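Inspection log for the structure reproduced underneath, given as structure tokens.
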Amino acid sequence: MKEYQSVFKRVEKKYLLSEAQYMALRQLLEDHMKADRYANNTICNIYYDTPDGRLIRASLEKPVYKEKLRMRSYGTPDQKSVVFIELKKKFDGVVYKRRADLPLWEARNYLRGTGRPEGAGGKEQILREIDWFMQFYGNIRPAMFLAYDRSAFCGKENAELRLTFDSRIRYRTEALDLTAGVWGKDLLEPGQRLMEVKLEGAMPLWLSEALAGLSIYPASFSKYGKAYLKELERRNVTDGERQTADEKRTGPEEKTAVEKRTAVEEQTTDERRTAGKKQVSGENGAAGGLQNGERKTGGGRICA
């Protein structure tokens, strides 16, 4: 099997670009950047989470430490294609990523808990970390599919400097299988691109000046987080529309019947309340008469 990089440590900065900003920046990059060996790809991901979205809800609170688990492929795979199980952690602005490359069928069984990869070799330590992650959170399952078209570049003088541009970001919460193809709801506005600058040290001065000159500033943007919030909003709107439709289906005749039923119930309640008051009043009156009678006969405790 081909060897892939499995351990990453770097700083990642994100920027949301308009079409005009992207085109202008691409021209400025020509002297400093070149297409890397994964220059153009459609990247597909299945994000894993608990049924109540514990991981993504915690991530949206922007803690100092957060982590996520996903399965990634480049293009639509088949059962024998190599995919990556990635455990991504972020602490104090630094990203630590561990990933294990496995055939899709083996990776799927592993994350289902129905079979651990055999002969893990150099991946054993990474699999132990993933084992601990799944044991800690419990009931981890596929939660969302996310795919995007990526163009990637690396520095001509510094290969550790990477820039990626993601467009046509799509997501879905159904058919959570990498073999089901690339389709879903759009996450970005038409023409927008999400740029990520990945580096191990400080940003080069030429890049800082280029971004400032084009009014390109860092943005807090999580693909999974953004898609999760959009899906919540969509569900809330759907629930609201359903409630409105139910209210509209309640016509004048039905409303009149409801009003009549309510009036009868209120009348019955009033009658019961009045009867109760009379009963209590009668009992109090009888008790009062007895006391008066006792006083008239000299205050004896028993009166014939």
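With respect to the numbered conditions (1) more than 26 Å from Phe84 (Cβ to Cβ); (2) without any contact (Cβ under 8 Å) to a residue 40 or more places away in the chain, which one is the sole condition not fulfilled by Arg37?
(1)
Any chance you could count how many residues in region 45-82 are closer than 14 Å to Ala147 by Cα and aliphatic (A, V, I, L, M)?
Residues of region 45-82 closer than 14 Å to Ala147 by Cα: 45-47, 70-77.
Filter once more, so that each one left must be aliphatic (A, V, I, L, M): 46, 71.
Number of matching residues: 2.
Working only within region 142-175, note down all residues that are of a type in the set (A, V, I, L, M, F, W, C), under 19 Å from Arg37 (Cα atoms) and surrounded by fewer than 16 Cβ atoms within 10 Å (Cβ to Cβ). Full working, then the answer.
Applying the first criterion (of a type in the set (A, V, I, L, M, F, W, C)) to region 142-175 yields 143-147, 152-154, 159, 161, 163, 165, 169, 175.
Checking the rest, the ones that are also under 19 Å from Arg37 (Cα atoms) come to 152-154, 159, 161, 163, 165.
Passing the criteria: only Ala159.
Filter region 107-152 down to the residues that are among the β-branched types (Val, Ile, Thr) and closer than 26 Å to Lys198 by Cβ and list them by number. Give the derivation first.
To start, the set of residues in region 107-152 that are among the β-branched types (Val, Ile, Thr) comprises 114, 126, 130, 140.
Across region 107-152, the qualifying residues are Ile126, Ile130.
Filter region 208-246 down to the residues that are in contact with a Lys or Arg (Cβ under 9 Å, 6 or more places away or on another chain) and aliphatic (A, V, I, L, M), then identify the one that is modelled with the highest pLDDT.
At the first step, the residues of region 208-246 found to be in contact with a Lys or Arg (Cβ under 9 Å, 6 or more places away or on another chain) are 218-222, 224, 227-228, 230-231, 234.
Cutting the leftovers down to aliphatic (A, V, I, L, M) gives us 219, 227.
Working: Ala219: 95, Ala227: 98.
Going through the qualifying residues, I end up with Ala227.
Please go through (1) over 26 Å from Leu161 (Cβ atoms); (2) within 23 Å of the chain's Cα centre (by Cα) for Asp78 and return the number of the only condition it doesn't satisfy.
Failing condition for Asp78: (2).
Do we have any residue at all in region 27-36 that's in contact with a helix residue (DSSP H, G or I) (Cβ under 6 Å, 6 or more places away or on another chain), among the aliphatic types (A, V, I, L, M) and surrounded by 11 or more Cβ atoms within 10 Å (Cβ to Cβ)?
yes
With the checklist (1) at negative phi; (2) surrounded by fewer than 16 Cβ atoms within 10 Å (Cβ to Cβ) in hand, flag the one item Gly181 doesn't pass.
With respect to (1) at negative phi; (2) surrounded by fewer than 16 Cβ atoms within 10 Å (Cβ to Cβ), Gly181 is out only on (1).
Please identify the pairs in which a residue from region 213-225 that is farther than 17 Å from Leu188 by Cβ has its Cβ atom under 7 Å from the Cβ atom of a residue that is part of a helix (DSSP H, G or I), counting only partners at least 6 apart or on another chain.
The qualifying pairs are Leu214/Gln21; Leu214/Ala24; Leu214/Leu25.
Among the numbered criteria (1) among the aromatic types (Phe, Trp, Tyr); (2) over 17 Å from the mean Cα position of the chain (by Cα); (3) surrounded by 14 or more Cβ atoms within 10 Å (Cβ to Cβ); (4) closer than 23 Å to Lys226 by Cα, which one does Tyr137 miss?
(2)
Cβ-Cβ distance below 7 Å, separation of 6 or more or different chains: which pairs start in region 51-73 with a residue that is farther than 23 Å from Arg99 by Cα and of a type in the set (Gly, Ala, Ser) and end on one that is modelled with pLDDT under 95 and in a loop (DSSP other than H, G, I, E, B)?
none
Could you check, for region 144-151, whether at least one of its residues is among the small types (Gly, Ala, Ser) and closer than 22 Å to Tyr224 by Cα? Spell out the reasoning first.
First, pick out the residues of region 144-151 that are among the small types (Gly, Ala, Ser): 147, 151.
Applying the additional criterion that residues be closer than 22 Å to Tyr224 by Cα yields 147, 151.
Yes: one or more hits.
Output the number of residues of region 5-26 satisfying the condition of being acidic (Asp, Glu) and surrounded by fewer than 15 Cβ atoms within 10 Å (Cβ to Cβ).
First, the residues of region 5-26 that are acidic (Asp, Glu): 12, 19.
Now restrict to residues that are surrounded by fewer than 15 Cβ atoms within 10 Å (Cβ to Cβ): 19.
Total satisfying the criteria: 1.
Among the listed residues Tyr224, Tyr217, Tyr228, which satisfies the condition of being closer than 24 Å to Gln27 by Cβ and aromatic (Phe, Trp, Tyr)? Lay out the reasoning, then the answer.
Numbers: Tyr224 fails: closer than 24 Å to Gln27 by Cβ; Tyr228 fails: closer than 24 Å to Gln27 by Cβ.
Unique residue meeting the criteria: Tyr217.
If you take the residues of region 101-134 that are small (Gly, Ala, Ser) and under 24 Å from the mean Cα position of the chain (by Cα), which of them is surrounded by the most Cβ atoms within 10 Å (Cβ to Cβ)?
Taking region 101-134 and keeping what is small (Gly, Ala, Ser), we get 107, 113, 115, 119-122.
From what is left, the residues that are under 24 Å from the mean Cα position of the chain (by Cα) are 107, 113.
On the way: Ala107: 24, Gly113: 11.
Within region 101-134, the match that is surrounded by the most Cβ atoms within 10 Å (Cβ to Cβ) is Ala107.
Looking at Asp92, Asp49 in this structure, which one is loosely packed, with under 14 Cβ neighbours inside 10 Å and touching a Phe, Trp or Tyr at 6+ places or on another chain (Cβ under 9 Å)?
On the way: Asp49 fails: loosely packed, with under 14 Cβ neighbours inside 10 Å.
That would be Asp92, the only listed residue that is loosely packed, with under 14 Cβ neighbours inside 10 Å and touching a Phe, Trp or Tyr at 6+ places or on another chain (Cβ under 9 Å).
Residue-wise test of (1) over 19 Å from the mean Cα position of the chain (by Cα); (2) under 30 Å from Asn109 (Cβ atoms); (3) of a type outside the set (Lys, Arg).
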site: Met195; (1), (2), (3): yes, no, yes
site: Lys198; (1), (2), (3): yes, no, no
site: Ser215; (1), (2), (3): yes, no, yes
site: Glu231; (1), (2), (3): no, yes, yes
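The values are calculated or read from the model by the stated rules, or taken from the named source; none is laboratory data. If you're wondering where the values come from, they're calculated on a predicted model, not measured in any experiment. Reconstructed Cβ throughout: ideal geometry from the backbone, glycine too, with neighbour counts over all protein chains shown.
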